[in-house]
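Just below is one structure, and these are the notes that go with it.
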Amino acid sequence: MTTNVDANTLLNLQSSVAGDVTRTLSTVDILASLKALDYDHKDEAIAAIAKNEKAYLSQAMNAINQNAMLSLKFGNGLEGAMAVAGLLKQRNSQQIYEQALDPYASKVDSKELALLSGGKSSVNLGTGRDRD
């Protein structure tokens, strides 16, 4: 029994587990919205959002400046930095999601999986091939 999850559903799940409720917005959109709202810098929750978004954008700029492949693919401007910042946020969500589930997934006994699927398991547990 194989479960197929489309990429968008998986991204939404990863973002949800990671607590990223702004996945559909770019870093610059978030920062512009906060500026337009003229948020109170003393509000710790909002200041934390701004700080995180600035950190993603800063790391994206560093990545573009230090990695020729990223620079060629995305360019050296703000638009490229925004795209890479989105990728960094997505990767961060993926890592948090995996860290939350991997310790448990690795403990699943393949015999239990076979029982649940009527004696056949299509789950690859690192053997390099699916079970027959």
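Close Cβ contacts (under 6 Å, 6 or more residues apart or on different chains) running from residues in the range 87-101 that are surrounded by 16 or more Cβ atoms within 10 Å (Cβ to Cβ) to residues that are not in a helix (DSSP H, G or I) comprise 93/20. Filtered by the rule that a residue be exposed (fewer than 13 other Cβ atoms within 10 Å of the Cβ), among the hydrophobic types (A, V, I, L, M, F, W, C) and more than 20 Å from residue 88 (Cα to Cα), the range 36-76 gives 36, 37, 45. Being in a helix (DSSP H, G or I), over 21 Å from residue 25 (Cβ atoms) and either touching an Asp or Glu at 6+ places or on another chain (Cβ under 7 Å) or not aliphatic (A, V, I, L, M) (or both) holds for only one residue in 71, 93, 58, and it is 71.
No lab work stands behind these numbers, since they all come straight from the coordinates. Values in this document were obtained by computation on a predicted structure and should not be read as measured data. Cβ atoms come from the backbone with ideal geometry, glycine included; neighbour counts cover every protein chain shown.
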